[in-house]
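Everything on this sheet refers to the single structure shown next.
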Amino acid sequence: MYNKTPISSASFEKSIEALRTAEHFNYSTVFGIPPYSEETYDLNSEGAPLFCSWVNRSVFEFFNKADSENVMKPSPYSPDGISWTKIVYALEVKPERNITTLPVKNSDSYTNSLLVVDDTGEELINTPVIEKIAFLRNGTYKHYSRNYQDIPQLNLTNHTFVRTSFERTYGTHMNVCVSINNQNLILDDDLNAILVRYSDGGYHFV
């Protein structure tokens with residue numbers, strides 16, 4: 001049962017398969033961006049990454065293991081030598097949805113935002129800035145940005161929507177790193193990602 005709607009065993013199986021696909025999805029194959037920044041200022045004193053550009057199960061497990069180990073080490077940034085960490089990694093799946101992607105022209109008339117809704121009117125994606133979004137067109141991913149005028153309006157029948165959320169906070173009250181990621185996949189019956197989107201943010205407070 002979901003929102004008072006009975007869910008069949010087939011829908012449940014499809015949801016599990018979609019979650020597996022999302023957890024192992026490699027965003028580098030679509031955007032050409034590695035999961036971890038290699039810039040010096042995005043690394044800690046031991047050369048390990050502080051932030052991630054995108055997240056899947058392996059990226060989450062990397063930070064979960066690293067933070068569990070590092071939190072036990074004395075920190076020079078804390079008067080009591082204690083560090084702390086918090087990680088939230090969550091996935092949400094909505095199977096068998098009829099989905100429409102709607103490019104919307106912004107008030108400046110030069111840039112576009114993207115609205116994605118299902119046939120109940122629920123907003124699945126509502127982003128004011130189109131960045132890091134790709135549509136699968138004729139077997140190839142085409143990237144779109146806020147300045148594109150030909151962002152496609154798609155009507156997708158019986159597709160699965162997956163949302164991945166990740167937030168990691170690590171450090172002390174004097175030196176804190178925060179990484180926030182939000183990602184979306186729209187999958188067809190063969191688990192091909194028809195739409196891929198991610199947004200990321202890394203913050204270092206000292």
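The values are calculated or read from the model by the stated rules, or taken from the named source; none is laboratory data. Just so it is clear, the model here is predicted, and its values are computed rather than measured. Counting neighbours? That spans all protein chains shown, and the Cβs are built from the backbone with ideal geometry, glycine included.
So the values come out like this:
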item	result
Unmet requirement for ASN98, which otherwise passes all of (1) within 30 Å of ARG57 (Cβ to Cβ); (2) modelled with pLDDT under 95; (3) in contact with a Ser or Thr (Cβ under 6 Å, 6 or more places away or on another chain)	(2)
Total residues in the stretch 155-193, condition farther than 30 Å from LYS86 by Cβ, of a type in the set (Val, Ile, Thr) and modelled with pLDDT under 95	0
Residues of the stretch 105-124 satisfying the condition of being at pLDDT 90 or above and assigned to a strand (DSSP E or B)	VAL116, VAL117, ASP118, GLU123, LEU124
Counted residues, the stretch 1-57 - those being polar (S, T, N, Q), modelled with pLDDT under 75 and not in a loop (DSSP other than H, G, I, E, B)	3
